[in-house]
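Trainee: One structure, as structure tokens, below. Some questions next.
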Amino acid sequence: MRFQVRTATASRQRAACIVLPAFSRGALPQATRDADRAAKGFIRSVIASGDFSGEAGATLLLPKVPGLACPRVLLVGLGERAKYDRKACRKAMRSAFAAITRTRAGNVVSYLGTELPRNADAYRCARIAIETWYEASYRFLEMKTRDRNKGKVRQTAIGLAATRGNAAEVRRGIAHGLAVGNAVWLARDLGNLPPNRCTPTYLMQQARAVAGRFRRLQVQVLSEPQMRRLGMGSLLSVTAGSRQPARFIILRYRSGRKARSPVVLVGKGITFDTGGISLKPGPQMDEMKYDMSGAGAVLAVMQAVAELGLPIDVVGLMPACENMPGGNATRPGDIVRSMSGQTVEILNTDAEGRLILCDALNYGLRFKPVAMIDIATLTGACVVALGKLRSGLMSNSDDLSKTLLEAGELADDPAWRLPLDEEYMDQLKSPFADVANIGGRDAGTITAAAFLSRFVGETAWAHLDIAGTAWVTSPQKGSTGRPVPLLVEYLLNQ
Ligand code: BES
Ligand code: MN
Ligand code: ZN
């Protein structure tokens, strides 16, 4: 796929399809007025017929509009002019590209970005265009034998209209959009792959493949004996019932010769979560293949950082293993020693995410991070609290929280902060060990974060619970690639 900046006016544009914006109640942006003039009022007459409302996301495909150099026009609604904002822009672009992928037009030029929303510039509009294009054209057909070509996308080039004045801005938006789009695709592919394919070893191979493409990105993988020598008894207790070897994947991105304090990202990489001896019920257990989405997001973000050549140092940690029952599996009541030295009483083997994360967070401290962020499909309670719209955010730092929340809004990948008062720690008291791995039904998302907070020392740390946002079950089942856009936005602004 080629993405390019196009400066010709709509009426002169040579393409298989041009995409033109229109507000509701017949108000037309400049680019569409220009095309309508060349078409001798044809577009206005179509709108007057009432077949096209102009509400945000409405589309109408017009073949053979007279007076234009291209054979198709896709009219796209932006909604009310006074209310046109970034969100409406994303909505319009999303449905525009969904409609485009259903056509056979090979070469498409969009004029949607020529009309700026009140809270976005040309750079942002270009990024939204590329990101929504990636979203609309994503297909996961790898495991299909016969339908591999069904619904295949026919487009080969997407052009974004720009003026000579803002072409550089649009070009930068395209570059950033590409990095985000590719990263989201990688995260979605990893999430969608079945758990017999996407094993800890597969994640390791993918990490090596990504790192192999960038000079500044290095990968190192710890084996189980190495983890044992480091004292990662908590992580190892989760993999005890599995035949698949656990892998602790370490990615390092260095911006230059001078080492700086890095941002450390830690992603939960449970490639399948049966619950272990505290076995999960059957219905929807297949969805626990997505339990590695945090690790997938970390690999994807590292790829985006390397692709963009960002001027910051970033470390990505992906503790990866399976949570299975078995003769050697951890029992409820077992007590293990974490790398930090703290002992943990495992009262429920299904609260395994925090058990691998606590050792990974502790390992992360050795990089002396400026900030440490973990990403995890950690609690069903988070889905109850926030649904599938916003990721849960918990942090020991108001500054870091604020920055991450703002990045989420800007990227349209929103999060919401939950409290983390130290009193929540009382729910994790154990009569036998330093801490228990569950804190009862109340505030389940927060007590999970409280558990993690014991392993980050004084480091500025944030925890993103993506249990609700990492995948969708309707209308189309599959991985979303969230919170990759939030994290890339955050790192772009560092
Ligand atoms: N991976 C799950 C969390 C999860 C469940 C995410 C359903 C999305 C949908 C996690 O490992 C888990 O099982 N958590 C338990 C914790 C409980 C035992 C304290 C949960 O949420 O039930
Ligand atoms: Mn679990
Ligand atoms: Zn889990």
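The values are calculated or read from the model by the stated rules, or taken from the named source; none is laboratory data. Predicted, not measured: the structure shown is a model, and the values here were computed from it. No Cβ is skipped: glycine too gets one built from the backbone with ideal geometry, and neighbour counts run over all protein chains shown. Note: accessible area is taken over every heavy atom of the protein model, side chains too, but ligands, DNA and RNA are not part of it. Shrake-Rupley method; radii C 1.70, N 1.55, O 1.52, S 1.80 Å.
Trainee: Quick one: count up the residues across the stretch 158-176 that are of a type in the set (D, E, K, R) and either buried (at least 24 other Cβ atoms within 10 Å of the Cβ) or under 27 Å from Arg252 (Cβ atoms) (or both).
Mentor: Residues of the stretch 158-176 of a type in the set (D, E, K, R): 164, 169, 171-172.
Keeping just the survivors that are either buried (at least 24 other Cβ atoms within 10 Å of the Cβ) or under 27 Å from Arg252 (Cβ atoms) (or both) gives 172.
Residues that pass the stated criteria total 1.
One line per residue, one yes/no per condition, for (1) farther than 24 Å from Pro485 by Cα; (2) crowded, with 17+ Cβ neighbours inside 10 Å; (3) of a type in the set (Lys, Arg); (4) within 25 Å of the chain's Cα centre (by Cα):
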residue	(1), (2), (3), (4)
Leu178	no, yes, no, yes
Ala187	no, yes, no, yes
Pro195	yes, yes, no, yes
Ala207	no, yes, no, yes
Gly212	no, no, no, yes
Val219	no, yes, no, yes
Met232	yes, yes, no, no
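Trainee: If you don't mind, there's one more thing I want to ask. Could you check, for the stretch 161-171, whether at least one of its residues is touching a Ser or Thr at 6+ places or on another chain (Cβ under 7 Å) and without any contact (Cβ under 8 Å) to a residue 60 or more places away in the chain?
Mentor: Among the residues of the stretch 161-171, not one is touching a Ser or Thr at 6+ places or on another chain (Cβ under 7 Å) and without any contact (Cβ under 8 Å) to a residue 60 or more places away in the chain, which makes the answer no.
Trainee: Out of (1) hydroxyl-bearing (Ser, Thr, Tyr); (2) open to solvent by 60 Å² or more (accessible area, probe 1.4 Å); (3) touching a residue at least 12 places away in the same chain (Cβ under 8 Å), the odd one out for Thr145 is which?
Mentor: (3)
Trainee: Right, another one. Please indicate, with yes or no, whether at least one residue in the stretch 360-375 is farther than 22 Å from Ala460 by Cβ and among the β-branched types (Val, Ile, Thr). Show your work before the answer.
Mentor: Looking only at the stretch 360-375, we keep the residues that are farther than 22 Å from Ala460 by Cβ, and these are none.
The answer is no, given that none of the residues of the stretch 360-375 is farther than 22 Å from Ala460 by Cβ and among the β-branched types (Val, Ile, Thr).
Trainee: Let me confirm something: among Gly267, Gly275, Gly256, which residue is crowded, with 20+ Cβ neighbours inside 10 Å and either more than 12 Å from ligand 1 (Cβ to nearest atom) or on the phi > 0 side of the Ramachandran plot (or both)? Before the answer, list the steps.
Mentor: On the way: Gly275 fails: crowded, with 20+ Cβ neighbours inside 10 Å; Gly256 fails: crowded, with 20+ Cβ neighbours inside 10 Å.
From the options Gly267, Gly275, Gly256, the qualifying one is Gly267.
Trainee: Tally up the residues in the stretch 241-252 that are over 17 Å from Ala360 (Cα atoms) and in contact with a Phe, Trp or Tyr (Cβ under 8 Å, 6 or more places away or on another chain), please. Talk me through it step by step, then tell me what you get.
Mentor: Just the residues of the stretch 241-252 that are over 17 Å from Ala360 (Cα atoms), to begin with: 241-244.
Next, from what is left, pick out any that are in contact with a Phe, Trp or Tyr (Cβ under 8 Å, 6 or more places away or on another chain): none.
Qualifying residue count, the stretch 241-252: 0.
Trainee: Only residues that are among the aromatic types (Phe, Trp, Tyr) and in contact with a Gly (Cβ under 9 Å, 6 or more places away or on another chain): list them for the stretch 259-310, please. Give the derivation first.
Mentor: If we filter the stretch 259-310 for residues that are among the aromatic types (Phe, Trp, Tyr), which is where we start, we get 272, 290.
Answer for the stretch 259-310, where residues must be among the aromatic types (Phe, Trp, Tyr) and in contact with a Gly (Cβ under 9 Å, 6 or more places away or on another chain): just Tyr290.
Trainee: If I filter the stretch 406-421 down to residues being touching a residue at least 12 places away in the same chain (Cβ under 8 Å) and more than 30 Å from Cys89 (Cβ to Cβ), which single residue comes out as surrounded by the fewest Cβ atoms within 10 Å (Cβ to Cβ)?
Mentor: Looking at the filtered set, the residue picked out is Pro419.
For every residue, the table says whether it meets (1) within 11 Å of ligand 1 (Cβ to nearest atom); (2) open to solvent by less than 60 Å² (accessible area, probe 1.4 Å); (3) assigned to a loop (DSSP other than H, G, I, E, B).
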residue	(1), (2), (3)
Cys382	yes, yes, no
Leu404	no, yes, no
Ser474	no, no, yes
Gly481	no, yes, yes
Tyr490	no, yes, no
Gln494	no, no, yes
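Trainee: Does Ala371 satisfy the condition of being away from ligand 2 (no atom under 13 Å from the Cβ) and of a type in the set (A, V, I, L, M)? Before you say what the answer is, go through the steps one by one.
Mentor: Working: away from ligand 2 (no atom under 13 Å from the Cβ): yes; of a type in the set (A, V, I, L, M): yes.
Considered against the rule, which asks whether it is away from ligand 2 (no atom under 13 Å from the Cβ) and of a type in the set (A, V, I, L, M), Ala371 comes out as yes.
Trainee: Within the stretch 445-452, identify whether any single residue is of a type in the set (Phe, Trp, Tyr) and open to solvent by 80 Å² or more (accessible area, probe 1.4 Å), and answer yes or no. Quick ask: steps written out before the conclusion?
Mentor: We begin by selecting, within the stretch 445-452, every residue of a type in the set (Phe, Trp, Tyr); these are 451.
Filter once more, keeping what is open to solvent by 80 Å² or more (accessible area, probe 1.4 Å): none.
No, because not a single residue in the stretch 445-452 is of a type in the set (Phe, Trp, Tyr) and open to solvent by 80 Å² or more (accessible area, probe 1.4 Å).
Trainee: Could you tell me which of the residues Ala82, Ala99 is open to solvent by 50 Å² or more (accessible area, probe 1.4 Å), of a type in the set (A, V, I, L, M, F, W, C) and out of contact with any helix residue (DSSP H, G or I) (no Cβ under 7 Å at 6 or more places or on another chain)?
Mentor: Only one candidate passes the filter, namely Ala82.
Trainee: Here's something else I'd like to know. Kindly state which strands (runs of 3 or more DSSP E) lie completely within the stretch 298-359 and contain at least 3 residues that are touching a Phe, Trp or Tyr at 6+ places or on another chain (Cβ under 8 Å). Lay out the reasoning, then the answer.
Mentor: Working: elements: 314-323, 335-337, 343-345.
Correct list: 314-323.
Trainee: Can you name the residue in the stretch 118-151 that is among the acidic types (Asp, Glu) and within 22 Å of the chain's Cα centre (by Cα) and is also nearest to Glu169 (Cα to Cα) among such residues?
Mentor: Narrowing the stretch 118-151 to residues among the acidic types (Asp, Glu): 121, 131, 135, 142, 147.
From what's left, within 22 Å of the chain's Cα centre (by Cα): 131, 135, 142.
Numbers: Glu131: 16, Glu135: 22, Glu142: 36 Å.
Residue satisfying both the conditions and the ranking: Glu131.
Trainee: Between residues in the stretch 63-89 that are touching a residue at least 12 places away in the same chain (Cβ under 8 Å) and among the hydroxyl-bearing types (Ser, Thr, Tyr) and residues that are open to solvent by less than 10 Å² (accessible area, probe 1.4 Å) and in a strand (DSSP E or B), which pairs lie under 7 Å by C-beta distance while being six or more apart or on different chains?
Mentor: Partner pairs satisfying both residue conditions: Tyr84/Leu78.
Trainee: Another question, then. What's the number of the condition Asp359 fails, among (1) acidic (Asp, Glu); (2) touching a Lys or Arg at 6+ places or on another chain (Cβ under 9 Å); (3) away from ligand 1 (no atom under 13 Å from the Cβ)?
Mentor: With (1) acidic (Asp, Glu); (2) touching a Lys or Arg at 6+ places or on another chain (Cβ under 9 Å); (3) away from ligand 1 (no atom under 13 Å from the Cβ) applied to Asp359, the lone miss is (2).
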